[in-house]
């Protein structure tokens, strides 16, 4: 599932950061992920396609990865634990 939103600006302005969080919440909900509220996010890499991978931590303990495509749409990728198993990339290494 992809959700289009207007620009990646996780820390640029409060309004744009809120739009990004809402897009992440929608994508997670459509993927069937139970995320009561987003606690924090962290960019974790760039795919070979140029898409940005973002780790999303939910207040209920869920840890997921979403993908921000070059056209600024957002899609669900996988769980943080699955990403670490497959690639060795940790979502929130020191947290």
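Throughout, read-outs are computed from the coordinates displayed, never taken from laboratory work. Quantities reported herein were computed from a predicted structural model and do not represent experimental measurements. Cβ atoms come from the backbone with ideal geometry, glycine included; neighbour counts cover every protein chain shown.
Along Cα→Cβ, 7 Å out, is where each label goes; now give me the distance between the ones at residue 82 and residue 39 in nm to one decimal.
If labels sit at residue 82 and residue 39, their model points lie 2.1 nm apart.
Can you tell me which of 74-81, 26-33, 51-58, 86-93 comes out highest on packing, and rank the rest after it, using the mean Cβ neighbours within 10 Å?
Averaged packing, sorted descending, gives the order 51-58, 74-81, 26-33, 86-93.
Calculate, in whole percent, how much of the Cα-Cα pair population of the chain lies beyond 23 Å.
Here the tail beyond 23 Å accounts for 15 percent of pairs.
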